[in-house]
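First comes the structure, then the notes that go with it.
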Amino acid sequence: MAETTQAEAAPTEPQARHVIYCGVCTLPPEYCEFGGTAKKCKEWLEKTHPDMHERLYSEEAITASLSTLSVDAQKRAEKDAKKKEAKAAAAESREKEAREQAMVYIKRVERNKRKYVTAVSGLEAHGMDLKKVAKEFGKKFATGSSVTKTASGGEEIVVQGDNSDDIFDWVVDVGGVPEDNVECIEDKKKKSAG
Amino acid sequence: MFKKDISAGAKSKVKSSVQRAIRTKIVETYPLLAPHIDEIIPKKSQLDLLKLPDRVSLYALDNTPLFWQHMDDPIIPHLRVIHQFPQCFPRIGIDRGAIRFVLSGATLMAPGLTSAGGRLPDEGGQLKEGDIAVIEAEGKEEACLVGQLRMGTEDIKEKKKGVVMDTGHYLGDGLWKLNID
Ligand SMILES: [Zn+2]
């Protein structure tokens, strides 16, 4: 990078360098090799920025960067990268599995006679930000909607009024949760003791 | 500083007088940034202040983090700002072997800078203890770490060991990954 001489007057054209960041790991692509998703990063770069891919992953570039490491360090770095990659892959499949099984419950709770609130739990397991979703529900249904702590220590969204059906549709259509993973429950106040 | 993933706390609008003071402080700390400050923080823009853990204040513009400050320490740019204007900051370089340690949040030690692949300023460009330095890496174009020096560059050259930087902001850390929209 050349040192630019400092201009006294502010330049009129934007001077900020435009830097490409990896669409997979968010780092500058030259650093992808240090993350756990190196393989995916490489595929992404090849697809979106073939010229940069060519420059970073050409044989010369790889040999040049490795030659500055001692053989021992090279082996260690390789092992390190493999380990990280395996870890990331395992975490990803675990997450996917958990997501496939995670249930969302939409519970209609009778508060008073004919007064209901709808409690939605389990959205966070599908990668949703509860605060944002609660805000969206509030706007969408023009009603009170907030995130509250549950007795079991988790959090759920409580929406004023009976909006179970609309919330079901939203969770499936917008939230992308498979229908089989969403369950509507009715909770009558003062259940007969069973 | 941001080894763990973080989420931002309360967000508030920065008063225009305070925003002016921040701009002044940034230019004082990084004189070479003066010609570009209007591009980074336009005069009529509205900065947001976000509270981060460990008494760090983050200044953001339209949900883009720009600068952060730990208590009364010097104000420090986000790495994306450094990538936009790299020539405006004092830079030193680590060797390739040190990169993976830096990216995992390890303390930066002197040997990473004094080895053949490292780079320290010559006479005239020395940095003092407490100065903010941007850390570049051998064979890489973009900087990977920024923070306050625990040791001046002359000391680093002389002693060749010891802690150089332990509370910086590095590529892929919690601040890098922070989403504030
Ligand atoms: Zn990547």
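The values are calculated or read from the model by the stated rules, or taken from the named source; none is laboratory data. On a predicted model such as this, the values are computed, not experimentally measured, just so you know. In this analysis, Cβ positions are derived from the backbone assuming ideal geometry, glycine residues included, and neighbour counts consider all displayed protein chains. Ligands, DNA and RNA are stripped out before the accessible areas are found, and what is left, the full protein with its side chains, is counted by its heavy atoms. Shrake-Rupley method; radii C 1.70, N 1.55, O 1.52, S 1.80 Å.
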Nearest-ten-degree value, helix A:130-140 long axis tilted from longest Cα axis of chain A: 60
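What full-extension length gain, to one decimal in nm, is calculated for A:Ser152 and A:Thr63 as 0.36 nm per residue of separation minus the Cα-Cα distance? All intermediate terms of the calculation are to be shown ahead of the outcome.
Values: separation 89, 0.36 × 89 = 32.04 nm, distance 5.52 nm.
Gain on extension, A:Ser152 to A:Thr63, equals 26.5 nm.
Taking a ≥ b ≥ c as the square roots of the Cα gyration tensor eigenvalues, with a/c under 1.5 meaning rounded and otherwise prolate when a/b beats b/c, else oblate, which class fits segment B:11-83? Don't skip to the end; give the middle numbers.
Numbers: a/c = 1.44, a/b = 1.19, b/c = 1.21.
Rounded.
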Accessible area (Å², 1.4 Å probe, nearest 10) - B:Asp48: 20
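Keeping all protein chains in place and using 1.4 angstrom, which order do B:Thr24, A:Thr148 fall into by accessible surface area, from largest down? Before the final figure, lay out each step's value.
Working: B:Thr24 75, A:Thr148 50 Å².
Largest accessible area first, the list is B:Thr24, A:Thr148.
With the Cα gyration tensor of segment A:29-100 giving a ≥ b ≥ c as the square roots of its eigenvalues, does the rule (a/c under 1.5 for rounded; else a/b larger than b/c for prolate; else oblate) give rounded, prolate or oblate?
Working: a/c = 4.33, a/b = 1.38, b/c = 3.14.
It is oblate, given that a/c is not under 1.5 and a/b is not larger than b/c.
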One checks the Cα atoms of chain B and finds Rg and Dmax, in Å, of 16.1, 48
For A:Lys113 and B:Asp122, what is the calculated FRET efficiency with R₀ set at 56 Å and r taken between the beta-carbons, to the nearest 0.05? 0.10
Gyration tensor (alpha-carbon) shape descriptor, segment B:89-170, a/c threshold 1.5: rounded
Residues from segment B:23-55 losing no less than 40 square angstrom of accessible surface in the full protein assembly compared with the chain alone, 1.4 angstrom probe, ligands and nucleic acids excluded, are B:Pro35, B:Glu39
Cross-link candidates for A:Lys135: which lysines have Cα within less than 18 Å, leaving aside residues fewer than 8 places away along the same chain? A:Lys149, B:Lys11
For chain B: relative contact order, % (alpha-carbon pairs under 8 angstrom, 6 or more apart): 23
What is chain A's relative contact order, in percent, from Cα pairs under 8 angstrom and six or more apart in sequence? 16
Report the accessible surface area buried between chains A and B, summing both sides, using a 1.4 Å probe on protein heavy atoms only, in Å² rounded to the nearest 100. 2700
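Summarise the accessible area of chain B (1.4 Å probe, protein heavy atoms) by the percent that is carbon and sulfur.
49
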Order by protection proxy (mean Cβ within 10 Å, highest first), peptides B:52-58, B:72-78, B:125-131: B:72-78, B:52-58, B:125-131
Segment B:100-164: relative contact order from alpha carbon pairs under 8 Å, six or more residues apart, as a whole percent, is 37
Is there a simple number for the mean count of other chain Cβ atoms within 10 Å of the Cβ of residues in A:25-37, and what is it? 4
Could you tell me how many degrees, from 0 to 90 and to the nearest 10, lie between the Cα long axis of helix B:16-29 and the main elongation axis, the longest principal axis, of the Cα atoms of chain B? 10
